[in-house]
Amino acid sequence: MKCPKCQNEIEYFSGETVFCNCCGFNFQEKNDCGCLQVEFDKNTCLMKNAPSALRIKLTPLKEELHNVTLMISYKDSDGHKNFQQIPVEHSLVPDKAVPITWDYIPREITGQVTLDFYVGCYLTHEVNFYRFSTTLPVFDPSGSRDDFRKVIMNFNASDVADFNFYGDVKKELDSLAGKTPNDLIAELHAKPACFVKQDLRRISHDPNITKLIEDSGIYPEITDKLLLKWKDFKIFLLAAKDIKVGRAAELCDLVVRKKGVPVDVKPNRTVSRVHGIVHYLGDHVAFEDKSSYGSWINNQRVEKKMTFPAAGKIEFGDIHWKMNLQYCNGASLHPMCGFCPRKKIKSLTFTRCDGDKELYFFIWQGCDLGKVIPELAGWKVYHRDNTFIISDPNDKIDFLRPGVTLDRKGQKIEVNFFSQL
């Protein structure tokens with residue numbers, strides 16, 4: 001069969017081969033974006049060491065599409081992959097195209113370059129990520145006509161728009177004798193725009209994580225539960241969207257118990273085996289009561305399900321915890337914030353009212369540890385691509401891996417597997 005991206009003949013066996021060995025196309029990615037149409041101007045030629053305009057049109061297709069993020073990925077002359085966010089500052093209106101123009105400067109590259117674009121679509125209750133790629137020729141303005149001809153003749157057009165544009169240029173090459181490369185480039189720039197709808201492939205990974213893996217050479221721990229130890233504090237991290245709490249360790253994600261009671265001992269008769277479920281719903285968090293004894297939030301009994309307030313007290317039987325929500329205001333420029341839902345709830349924290357130094361952090365985007373433990377001001381924990389990531393006050397980023405101790409300016413944070421024993 002032919003690869004749908006590079007058109008090279010490859011052998012493909014479902015369930016065995018995932019990537020094209022020529023261009024890296026991922027056969028498991030799905031083209032299922034129904035909320036946004038993306039068009040790219042294929043009549044684009046790039047100049048070595050000079051800014052060239054990349055032109056993109058974004059057309060929202062659904063009312064519930066609130067925000068779009070756009071990121072470009074490219075390799076530099078050393079083969080390192082770079083990521084840059086392209087600002088999308090226009091308001092989104094269904095069926096109204098948003099024009100995006102961004103200057104890209106190829107460094108020490110001639111011939112052709114493949115650019116990968118990552119698109120984040122922010123809907124009311126979910127965020128989906130997509131990718132599309134394009135290959136463009138790169139010319140050296142100081143080169144000769146032969147250099148120009150070589151780039152054109154060696155360029156492998158990947159779709160009909162490319163063939164129409166560069167095929168037309170190839171036909172004209174023999175009649176361009178006597179013109180300078182700058183004349184030829186000017187003729188290319190004079191070609192009319194040709195916006196072509198892009199094939200958006202859904203992805204599950206965040207390109208920021210890809211870059212972090214490449215920079216560190218460390219593969220992250222895939223988990224949604226971890227335990228951090230700092231001084232005599234235990235900080236339990238959980239990241240699932242639906243988290244069961246109760247007294248039965250074999251049924252619940254988080255065991256609700258009295259101070260000093262081991263997890264294998266029934267912690268309290270007023271706490272049910274599965275007492276309730278914390279549901280993350282993007283712009284709010286709800287608690288669903290499943291108990292025989294009742295649950296209360298700010299002294300109000302939960303009747304089946306109740307939305308958490310910004311702060312207050314929650315009671316599971318006669319066990320009382322304080323709760324606080326952290327919100328994202330969309331103002332952060334931290335690298336981990338490039339691909340996350342803006343103006344949504346970041347995390348929910350439970351702290352015990354009995355003085356025990358156990359903290360429970362439900363992290364769906366990120367959590368500022370300093371808002372709960374003032375001595376850890378500037379420390380943040382994120383959950384991306386099923387792994388926890390921590391950044392220190394200087395924005396140094398590390399994967400949280402069990403068995404590792406982070407030591408930054410006297411602050412030592414020990415990372416462990418999740419355990420309430």
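The values are calculated or read from the model by the stated rules, or taken from the named source; none is laboratory data. These numbers come from a predicted model, not from an experiment. Every residue, glycine as well, gets a Cβ built from its backbone with ideal geometry; the counts of neighbours run over all protein chains shown.
For residue 395, indicate whether it is in the same structural domain as residue 322 (by TED's automatic domain parsing), touching a residue at least 24 places away in the same chain (Cβ under 8 Å) and surrounded by fewer than 15 Cβ atoms within 10 Å (Cβ to Cβ). The answer is yes for residue 395. Note on region 376-392: among residues that are touching a helix residue (DSSP H, G or I) at 6+ places or on another chain (Cβ under 9 Å) and surrounded by fewer than 16 Cβ atoms within 10 Å (Cβ to Cβ), the one that is farthest from residue 208 (Cα to Cα) is 377.
Here residue 336 meets each of (1) modelled with pLDDT of 90 or more; (2) of a type outside the set (Asp, Glu); (3) in a helix (DSSP H, G or I) with one exception, condition (1). Restricting region 398-411 to residues that are over 23 Å from residue 240 (Cβ atoms) and assigned to a strand (DSSP E or B), the residue that is modelled with the highest pLDDT is 405. When restricted to residues that are closer than 13 Å to residue 68 by Cβ and either aromatic (Phe, Trp, Tyr) or part of a loop (DSSP other than H, G, I, E, B) (or both), region 81-95 contains 8. Looking only at region 346-363, filter to residues that are modelled with pLDDT of 90 or more and among the hydrophobic types (A, V, I, L, M, F, W, C); which one of those is surrounded by the fewest Cβ atoms within 10 Å (Cβ to Cβ)? Per the stated criteria, the residue is 359. How about region 279-321: which of its residues are surrounded by fewer than 15 Cβ atoms within 10 Å (Cβ to Cβ) and basic (Lys, Arg)? Answer for region 279-321, where residues must be surrounded by fewer than 15 Cβ atoms within 10 Å (Cβ to Cβ) and basic (Lys, Arg): 301, 304, 305, 313.
Would it be correct to say that residue 414 is outside any loop (DSSP other than H, G, I, E, B), among the charged types (D, E, K, R) and closer than 30 Å to residue 247 by Cβ? Yes. Determine whether residue 116 is in the same structural domain as residue 85 (by TED's automatic domain parsing), acidic (Asp, Glu) and modelled with pLDDT under 80. Against the criterion (in the same structural domain as residue 85 (by TED's automatic domain parsing), acidic (Asp, Glu) and modelled with pLDDT under 80), residue 116 does not qualify.
Within region 371-382, residues that are on the phi > 0 side of the Ramachandran plot reach partners that are surrounded by 17 or more Cβ atoms within 10 Å (Cβ to Cβ) with beta carbons closer than 8 Å, at six or more positions or on different chains, in the pairs 378/392.
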